[in-house]
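Asks: Sending over a structure as structure tokens; questions will come in a sec.
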Amino acid sequence: MDLYMMNCELLATCSALGYLEGDTYHKEPDCLESVKDLIRYLRHEDETRDVRQQLGAAQILQSDLLPILIQHRQDQPLFDAVIRLMVNLTQPALLCFGSVPKEPSFRHHFLQVLSYLQAYKEAFASEKAFGVLSETLYKLLQLGWEERQEEDNLLIERILLLIRNILHVPADLDQEKRIDDDASVHDQLLWAIHLSGLDDLLLFLASSSAEQQWSLHVLEIVSLMFRDQNPEQLAGVGQGRLAQERNTDVAELEALRQREMAEKKTRALQRGNRHSRFGGSYIVQGLKSIGERDLIFHKGLHNLQNYSSDLGKQPRRVPKRRQAARELSIQRRSALNVRLFLRDFCSEFLENCYNRMHLALKAYQELLATVNEMDMSPDEAVRESSRIIKNNIFYVMEYRELFLALFRKFDERWQPRSFLRDLVETTHLFLKMLERFSRNRGNLVVQNKRKKRKKKKKVLDQPVASGNVPSSPEELEAVWPSLAEQLQCCLSLDSMVPFDAASEVPVEEQRAEAMVRIQDCLLGGQAPQALTLLRSAREVWPEGDVFGSQDISPEEEIQLLRQILCAPLPRQQGPEERGAEEEEEEEEEEEEELEMVQVSEKEFNFLDYLKRFASSTVIRAYVLLLRNYQQNSAHTNHCVVKMLHRLAHDLKMEALLFQLSLFCLFNRLLSDPASGAYKELVTFAKYILGKFFALAAVNQKAFVELLFWKNTAVVREMTEGYGSLDGGRRPPVWSPEEEAQLQELYLAHKDVEGQDVVDAILAHLNTAPRTRKQIIHHLVRLGLADSVKDFQRKGTHIVLWTEDQELELRRLFEEFQNSDDVLGHIMKNITAKRSRARIVDKLLALGLVAERRELYKKRRKKLAPSIPHVEDLEEEENLPEEESEEDEEREEGSETEQAQGSSVLSTANLGQSLHQEGFSTPLLWLQNCLIRVADDRKEDGCSQAVPLVPLTEENEEAMENEQFQQLLRKLGVRPPASGQETFWRIPAKLSPTQLRRMAASLSQPEEEEKLQPGIEPEVPGEQGAEEEHHKEHRAQALRALLLARKKKAGLVSPEGNGRSAYLLSIYCVPAMLI
């Protein structure tokens, strides 16, 4: 379709809207239907937005829609339809096309739509149009929420969207050519909004709690109203010009005047009095041409200054994705009446409905500027408040690290120069305040945070629920016939991945898991999938023929699957099986490194903090801002030079600034005719250049170093000599003899099964100390290995147990089952080396042991004779998963033994101390609670945390005593979780045996002493026979009670049970009465 010729249907529809006669618009009878047809046409336009372009070329909005809106607003259906059409027509071009098109044809359509939008914006700059919108919006807002219909809310939203769209249209600077203090189209639009009273309605919508649904629309409108405005100029409008502003303007005018006079002087010197027809040719000595000869210059001498080797070359095209980010807006000074209106609007907005709209960096800058001004206040209270605020700001690490993080993440492709300027100025203010504060304080203590790596135990997930695995061989044999029928029907199968690529476990160590997956598929009745996994696993792990040989027949594959189905493969425990063994078993755990933040304090050093800015990333950002020194303000240039001077002079790192791009900038600055206006920049440039030429006289490589950005290490090498930082860093060089020995050891051990070739080389290599990584890389470099991956530590190669291996395991178990370390002896003497976890699982599968506890090491720890009831306690050790950790686990086990023994001793000491302080009754209550929980767990077979609920005042006071709480912690009783629990709890992990031992350790010393012969105190002679008789009764009753408790705890043999019961039945009641 030709966009310059309107479609006939579209033309007919536009003609049916009406016509304008003078200032009066006469609508046609079919005006409403025509507007609806235009909306329908816009809905079905193509990707070039042809309908939108044709309506814009015909100026339908200016000639028809706006007059209808102004003169026929009483026709409500027509008014609503016109608003809908206007909202659609004024949509931003970016919203229509999605983004700025890259193709030339679509970019042309984009620019065409943008030009029509700019024409719409100019047409809307009328008080009448905004007056109608303001009156309509006012009437709708007068309606209460119970009177307002859905159509009313839609009309309010469309009016706000229409205003947003009109304000969003960018200005056409080439077409308007407005200067400062002149009213642009945007200013005219703002003035029309002000005259119509729409600004008051926007303030009402922003401040009313009942109209919060329109807040985002109002926020967009307000932000677009203040586009291209300078907040400093708006805040100072209507006030007299400050002396600083006048001085700034005078300085700018003086710089421009000096530049103009210097250019005039240069042109006067270059222009000769008499024109010469013969320019002549000249030889420029010291400047080489393409060859080895000097350059021949064919123009006049006055043009020699502008000569460059790049003349005539095609400029290098920079891709759009690498181009520097453009400024989103251009600040200009609007007309005075518009600025006064915006200032008043901003004041009312801040007073009534402001909600912190500043960017984070600007807000931080304002905070620092405010605190800095408070420092200069004559009021002592204000200065003290400033000191407290600065102390809090400088103490927190995040406030100090903010600027470094922003500099590191700065990217000129996405962030404009205005952001960089604010960042540099804020950093300058922060460093100035921090330096002054640290100098006045002497020793400033600040917060420091470090990331500390911590090892966390993580229990592996169970791949298959234990309930899905048949327990008996009969069940497995019953399942096999149906699986065999499915396998007979499988001819061609798709391949599957037998390993988990996202797992942290290496592929080489996932072989056992693949075997378990094959068995799971068979148990689930998915025989084809099991066969597919078997074939895929054979391709991934061909070594050892674990999954069958490469030339295996189909019948042998079926038999192999049957063996896998019936094989007792090691499986990991599920969550329901862990229970009480969760803290005793460590075989199925892996260590995961976590990062913890460790907070500490340190004394602050300003130079150490300044060294953090000695980075090429930071310097590059400062140099980027310095390139526009002519457009920068004097304060911005001062901030840049001050930071570079800190790095070069204060840190003695001038070489950081030895970079060719910065030197080109210095050359442009020194040759600038107006360089007198930048005295600080010129002085600093001469200082850096002098330092460079002084270093170049000593180090000729400094000229090459100009091509690169440098870090502190390179700077040190440039100034102190190359190689000064290599001491102790580089590994020793391999000599020919060492390489020959390495090759000999590798060839001798590479084919030995059951050992790691690199470990064997490390054990026999008689050279300088080498690491595993160095040996592996040198083997690859010598061509003895193809890749580093060839030396990754493999898991066990053996998955299935052969019949001979099972017989050997049975024989070793029967031989060492009465020893103290059954598992250790088996691992030492077994032929096929396997991990502890695999041997334990096989022993359980063969039925040789009923539970893992039977394989723990048996150790006897004899304690002090004063506590006879804790002698000969068997200590338990956790089983490690890997064989290489055996020695380490032995040491840990002995340490655990000592810790447990000392824990029992400390428990007895605490109990004796509490007895002496009068806590005998709470200790007896605690002892009874432990025994009762042990009985319940033994009867029920399950365990859960049991709270200790004190029902008496004496027990409640004891639970609040610190020494009693220490005893509870020694016993393993868990304190209440903060905010969730109230009572202490007996953990679920404690077994009945452990609970009875703890209860026995709480026996009263008096009772134990009375059980020992010859320890009872002598009765004075003056005591009567009746009192002696009572004491004997009481001693016998206590002796019987203690024997009953020990019997309940399982620490006394069944002998004498009858006498205990007899004594307890006879003497218990009389003793209690005593």
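The values are calculated or read from the model by the stated rules, or taken from the named source; none is laboratory data. In this text the structure is predicted, and so the values were computed from the model without any measurement. Quick reminder, even Gly has a Cβ in these numbers, built from the backbone with ideal geometry, and neighbours come from all protein chains shown. Each accessible area value is taken on the protein alone, full model and side chains, heavy atoms only, with ligands, DNA and RNA left out. Shrake-Rupley method; radii C 1.70, N 1.55, O 1.52, S 1.80 Å.
Asks: Take region 35-71 and flag every residue that is buried (at least 17 other Cβ atoms within 10 Å of the Cβ) and in contact with a strand residue (DSSP E or B) (Cβ under 7 Å, 6 or more places away or on another chain).
Replies: Asp64, Pro67, Ile68, Gln71, listed by residue number.
Asks: Pairs under 9 Å by beta carbon, first residue of a type outside the set (A, V, I, L, M) in region 431-443, partner surrounded by fewer than 14 Cβ atoms within 10 Å (Cβ to Cβ), six or more apart or different chains?
Replies: Within 9 Å, the pairs are Ser438/Asn605; Asn443/Glu603.
Asks: Using the structure shown, decide if Phe684 is at pLDDT 90 or above, within 23 Å of His635 (Cα to Cα) and aromatic (Phe, Trp, Tyr).
Replies: yes
Asks: Could you run through region 763-780 and say how many residues are open to solvent by less than 60 Å² (accessible area, probe 1.4 Å) and part of a loop (DSSP other than H, G, I, E, B)?
Replies: 4
Asks: Starting from residues that are in a strand (DSSP E or B) and at pLDDT below 80, keep the ones in region 288-310 and report whichever is surrounded by the most Cβ atoms within 10 Å (Cβ to Cβ).
Replies: Phe297
Asks: Looking at region 180-199, is at least one residue without any contact (Cβ under 8 Å) to a residue 12 or more places away in the chain and open to solvent by 50 Å² or more (accessible area, probe 1.4 Å)?
Replies: So far as region 180-199 goes, no, none of its residues is without any contact (Cβ under 8 Å) to a residue 12 or more places away in the chain and open to solvent by 50 Å² or more (accessible area, probe 1.4 Å).
Asks: Which number in (1) out of contact with any helix residue (DSSP H, G or I) (no Cβ under 9 Å at 6 or more places or on another chain); (2) at pLDDT 80 or above; (3) not in a helix (DSSP H, G or I) marks the one condition that Glu366 misses?
Replies: It is condition (3) that Glu366 fails.
Asks: Does Gln76 count as open to solvent by 60 Å² or more (accessible area, probe 1.4 Å), under 22 Å from Tyr19 (Cα atoms), of a type outside the set (Asp, Glu) and in contact with a strand residue (DSSP E or B) (Cβ under 7 Å, 6 or more places away or on another chain)?
Replies: Taking the combined requirement at face value, the residue does not satisfy it.
Asks: Of all the residues that make up region 76-127, how many are at pLDDT 90 or above, farther than 23 Å from Asp174 by Cα and in contact with a Leu (Cβ under 8 Å, 6 or more places away or on another chain)?
Replies: Residues in region 76-127 being at pLDDT 90 or above, farther than 23 Å from Asp174 by Cα and in contact with a Leu (Cβ under 8 Å, 6 or more places away or on another chain): 12 in total.
Asks: Residues in region 458-466: is at least one among the polar types (S, T, N, Q) and at pLDDT 80 or above?
Replies: No: region 458-466 contains no residue that is among the polar types (S, T, N, Q) and at pLDDT 80 or above.
Asks: Moving to a separate point now. State all residues of region 537-563 that are among the polar types (S, T, N, Q) and not in a loop (DSSP other than H, G, I, E, B); if no residue qualifies, say none.
Replies: The answer is Gln559, Gln563.
Asks: For the condition basic (Lys, Arg) and within 27 Å of Gln510 (Cα to Cα), what is the one hit in Arg781, Arg772?
Replies: Matching residue, one of Arg781, Arg772: Arg772.
Asks: Can you run down the residue pairs with Cβ atoms below 7 Å, 6 or more apart or on separate chains, where the first is in region 403-415 and open to solvent by less than 30 Å² (accessible area, probe 1.4 Å) and the partner is of a type in the set (Lys, Arg)?
Replies: Pairs found: Leu404/Arg612.
Asks: With the structure loaded, tell me whether Ala760 is part of a helix (DSSP H, G or I) and modelled with pLDDT of 85 or more or whether it fails that test.
Replies: no
Asks: Let me ask something else about it. Given Leu161, Leu140, Leu154, which one is farther than 21 Å from Phe341 by Cβ, of a type outside the set (Ser, Thr, Tyr) and touching a Leu at 6+ places or on another chain (Cβ under 7 Å)?
Replies: Within the list Leu161, Leu140, Leu154, the selection yields Leu140.
Asks: Moving on. Looking at Lys264, Lys313, which one is open to solvent by 60 Å² or more (accessible area, probe 1.4 Å) and at pLDDT below 80?
Replies: Just one listed residue meets the conditions, Lys313.
Asks: Say we look at region 224-239 and pick out the residues that are open to solvent by 60 Å² or more (accessible area, probe 1.4 Å) and free of Cβ contacts under 8 Å to residues at least 12 places away in the same chain; which of these is farthest from the chain's Cα centre (by Cα)?
Replies: Gln239
Asks: Considering (1) surrounded by 14 or more Cβ atoms within 10 Å (Cβ to Cβ); (2) within 30 Å of Asp608 (Cβ to Cβ); (3) not acidic (Asp, Glu), say which one Ala694 fails and leave the rest.
Replies: Ala694 satisfies every listed condition except (1).
Asks: Considering each residue of region 240-261, count those that are surrounded by fewer than 16 Cβ atoms within 10 Å (Cβ to Cβ) and at pLDDT 75 or above, and give that number.
Replies: Residues meeting the conditions: 13.
Asks: Further, regarding this structure: Residue pairs, Cβ under 7 Å, 6 or more apart or interchain, first in region 668-691 and open to solvent by less than 40 Å² (accessible area, probe 1.4 Å), second among the acidic types (Asp, Glu). List them.
Replies: Ile688/Glu654
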